[in-house]
Amino acid sequence: MEYHSPASFDEASALAAQAQGVTRFLAGGTDVLVQLRSDLVTPDTLIDVKRIAGARDITRNADGSWTLGVAVSGAEMREHAELGRDWPGLVEAMDLIGSTQVQGRATLAGNLCNASPAADSVPAMVAAGVRVTITGPDGTRQAAAEEIPTAPGKTSLGKGELVSALHVPARGDRGGDAYLRFIPRTEMDIAVVGAAVNLRLDGETVTEAWVSLGAVAPTVLLVEDAAAAIIGTTLDDAALAALDSAARAACSPIDDKRGTVDFRTEVAGVLARRAARFAYARAKGDAK
Amino acid sequence: MSRVHVTTTVNGDETEFLCDPRETLLDCLRDRLNLTGAKEGCGTGDCGACSVTLDGRLVCSCLVLGVEAEGREIGTIEGVAQGDELHPLQRKFIEHAALQCGICTPGILVAAKALLEKSPDPTEEEVRYWLAGNLCRCTGYDKIIRAVMDTAAEMREAV
Ligand SMILES: Cc1cc2nc3c(=O)[nH]c(=O)nc-3n(C[C@H](O)[C@H](O)[C@H](O)COP(=O)(O)OP(=O)(O)OC[C@H]3O[C@@H](n4cnc5c(N)ncnc54)[C@H](O)[C@@H]3O)c2cc1C
Ligand code: FES
Ligand code: FES
């Protein structure tokens, strides 16, 4: 295995474009190293992104949007009070990943590009409307977070391409987001189902909404029907029931030791409702 | 396979070693630098026995490569006591019998020290969540939590 620690994204991209065999980028290494250690994937080329300028920065832009470096750890996000006030659901989703030790290293970019359908931060990113900049041999392009994973362990990134920044929209007024997951214990486990909701209110009425589900399909889903079920409502019981059934209808989960198809589908509806209520309360300023 | 030369600071002392790029920081500490305090329980980030700090941040050294330590500051259990003088956490762990076989203890001490530096007056819940990634097969955790809470109280009085 060759290890590189390039100083720029262009250099990282060039290294990856020229590399033979299996290439991995190294952000926090909490997936890469586990896969290496358990002999699942031994990269021929490993490209560490942590020493690239800006990779560890959390920046609030003039328009209120955020630019997050690809090597920002969960712990660094958690410690950033202002980011947590704007996007509590996104920060909490990231914070659910692993232990304190894992939080010291794990990144949003790694969680996204590892492309697990159960990745906890990904539904929150998708609901928040996070976009990423991708640097490749032909320059840079942008994509929505939901366009990155294409199947378990697979992404839409081409040879030589890597994520070089994450962009979180401006929070704006009367907006709120939330992410909830179901696991059989309270810490250190993989989501059986995850649900994220991001919405905006005018008065008491939902004017914009995004609903995303994790671990119920081969990739994290952006469920437009579920968002449509609550837009224009005050999140009354009828709207919540419509949200529940739209969320369930979007599910095509697997049966495994963590949960059956029926269980996952039912829980997706329940969590979508709870996350919507939570996001709604945050948008109104009734909850932190 | 060519070895990589790494220069790093461990417990305040600059040090260097040669390693294969696939070697973890845990293996480098134990096998190259003879610092065998950090233990390998699982090797996959689940147990916390290998906990160290990397530029002040608590991490599992089994999920860090040795080559990543270049130019960084590592803190291990070997740097917790000052010579013969135990750190208050170490004293309290003995006082409360918060260890039996001791395999988890170095990792828990390093983790608990990192918590108390960040949060000198933690709630019990905070301590339990902070240490959730440190598994102990022997003590049942209660004595560990009590030892940490008691140390925090003592250290607050001392300042
Ligand atoms: C004990 C433990 C508990 C865990 N618990 C959870 C959990 O509860 N929920 C959860 O979702 N995950 C969990 N994980 C998995 C892991 O921590 C997360 O997926 C984490 O976010 C990965 O981030 P990383 O920075 O460590 O990624 P890395 O391991 O560095 O990289 C992961 C993948 O992303 C690619 N990659 C990284 N950066 C880029 C980039 N900039 N551009 C393109 N590709 C890139 C790499 O090539 C690799 O394939 C856990 C892991 C451990 C060890
Ligand atoms: S040995 Fe590193 S976490 Fe278990
Ligand atoms: S004392 Fe034996 S594992 Fe904790």
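The values are calculated or read from the model by the stated rules, or taken from the named source; none is laboratory data. Everything numeric here is computed off the predicted structure, so don't read it as measured data. Ideal geometry is used to build each Cβ from the backbone, glycine not excepted, and the neighbour counts take in all protein chains shown. When the accessible area is computed, the model is the full protein with side chains, heavy atoms only, and any ligands, DNA or RNA have been set aside. Shrake-Rupley method; radii C 1.70, N 1.55, O 1.52, S 1.80 Å.
See the values below:
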quantity: Search result, residues across the stretch A:41-70 that are among the hydrophobic types (A, V, I, L, M, F, W, C) and modelled with pLDDT of 95 or more; calculated: A:LEU46, A:ILE47, A:VAL49, A:ILE52, A:ALA53, A:ALA55, A:ILE58, A:ALA62, A:TRP66, A:LEU68, A:VAL70
quantity: Residue list for the stretch A:1-46, filter: within 12 Å of chain B (Cβ to nearest Cβ), part of a strand (DSSP E or B), in contact (Cβ under 8 Å) with a residue 40 or more places away in the chain and among the hydrophobic types (A, V, I, L, M, F, W, C); calculated: A:LEU46
quantity: Number of the exception - B:ILE145 against (1) out of contact with any helix residue (DSSP H, G or I) (no Cβ under 8 Å at 6 or more places or on another chain); (2) within 13 Å of ligand 3 (Cβ to nearest atom); (3) not hydroxyl-bearing (Ser, Thr, Tyr); calculated: (1)
quantity: Residue satisfying condition, being more than 10 Å from chain A (Cβ to nearest Cβ), touching a Cys at 6+ places or on another chain (Cβ under 9 Å) and away from ligand 3 (no atom under 16 Å from the Cβ), within set B:HIS87, B:HIS5; calculated: B:HIS5
quantity: B:ARG91 being of a type in the set (Lys, Arg), over 15 Å from the mean Cα position of the chain (by Cα) and open to solvent by 10 Å² or more (accessible area, probe 1.4 Å); calculated: yes
quantity: Single residue of the stretch B:125-147 satisfying the filter (open to solvent by 90 Å² or more (accessible area, probe 1.4 Å) and in a helix (DSSP H, G or I)) that is nearest to the other protein chains (Cβ to nearest Cβ); calculated: B:TYR129
quantity: Cβ pairs under 9 Å, 6+ apart, first in the stretch A:181-203 and at pLDDT below 95, second within 16 Å of ligand 2 (Cβ to nearest atom) and open to solvent by 40 Å² or more (accessible area, probe 1.4 Å); calculated: A:MET188/B:ASP46
quantity: Per-region count, the stretch A:108-136, residues open to solvent by 20 Å² or more (accessible area, probe 1.4 Å), out of contact with any Pro (no Cβ under 9 Å at 6 or more places or on another chain) and hydroxyl-bearing (Ser, Thr, Tyr); calculated: 1
quantity: Residue ranges of strands (runs of 3 or more DSSP E) in the stretch B:32-79 with at least 3 members under 15 Å from the mean Cα position of the chain (by Cα) and hydrophobic (A, V, I, L, M, F, W, C); calculated: B:57-60
quantity: One residue from B:THR36, B:THR44 being within 14 Å of another protein chain (Cβ to nearest Cβ), away from ligand 3 (no atom under 16 Å from the Cβ) and open to solvent by 10 Å² or more (accessible area, probe 1.4 Å); calculated: B:THR44
quantity: Residue check, A:SER164 loosely packed, with under 14 Cβ neighbours inside 10 Å, in contact with a strand residue (DSSP E or B) (Cβ under 8 Å, 6 or more places away or on another chain) and not hydrophobic (A, V, I, L, M, F, W, C); calculated: no
quantity: Some residue of the stretch A:202-224 being touching a Gly at 6+ places or on another chain (Cβ under 9 Å), in a loop (DSSP other than H, G, I, E, B) and surrounded by fewer than 14 Cβ atoms within 10 Å (Cβ to Cβ); calculated: no
quantity: Matching entry among B:ALA81, B:ALA98, B:ALA158, B:ALA152 (being of a type in the set (Gly, Ala, Ser), more than 16 Å from ligand 2 (Cβ to nearest atom), under 16 Å from B:GLY48 (Cβ atoms) and away from every other protein chain (no Cβ under 14 Å)); calculated: B:ALA98
quantity: Search result, residues across the stretch A:56-103 that are within 14 Å of another protein chain (Cβ to nearest Cβ) and open to solvent by less than 10 Å² (accessible area, probe 1.4 Å); calculated: A:ALA71, A:VAL72, A:SER73, A:GLY74, A:MET77, A:SER99, A:GLN101
quantity: When residues of the stretch B:1-33 are limited to those that are of a type in the set (Asp, Glu) and within 18 Å of A:GLU2 (Cβ to Cβ), the one surrounded by the fewest Cβ atoms within 10 Å (Cβ to Cβ); calculated: B:ASP20
quantity: Verdict on A:ALA53 being touching a strand residue (DSSP E or B) at 6+ places or on another chain (Cβ under 8 Å) and either closer than 23 Å to B:SER51 by Cβ or in contact (Cβ under 8 Å) with a residue 24 or more places away in the chain (or both); calculated: no
quantity: Subset of the stretch A:103-150 (residues that are more than 8 Å from ligand 1 (Cβ to nearest atom) and assigned to a loop (DSSP other than H, G, I, E, B)); calculated: A:GLY104, A:PRO117, A:GLY129, A:VAL130, A:PRO137, A:ASP138, A:ILE148
quantity: Subset of the stretch A:168-192 [away from every other protein chain (no Cβ under 14 Å) and either within 16 Å of ligand 2 (Cβ to nearest atom) or surrounded by fewer than 19 Cβ atoms within 10 Å (Cβ to Cβ) (or both)]; calculated: A:PRO169, A:ALA170, A:GLY172, A:ASP173, A:ARG174, A:PRO184
quantity: Residue in the stretch B:108-120 that is surrounded by 22 or more Cβ atoms within 10 Å (Cβ to Cβ), within 15 Å of ligand 2 (Cβ to nearest atom), within 13 Å of another protein chain (Cβ to nearest Cβ) and more than 20 Å from A:MET188 (Cα to Cα) present; calculated: no
quantity: Residue list for the stretch A:22-40, restricted to those being modelled with pLDDT of 95 or more and surrounded by fewer than 16 Cβ atoms within 10 Å (Cβ to Cβ); calculated: A:VAL22
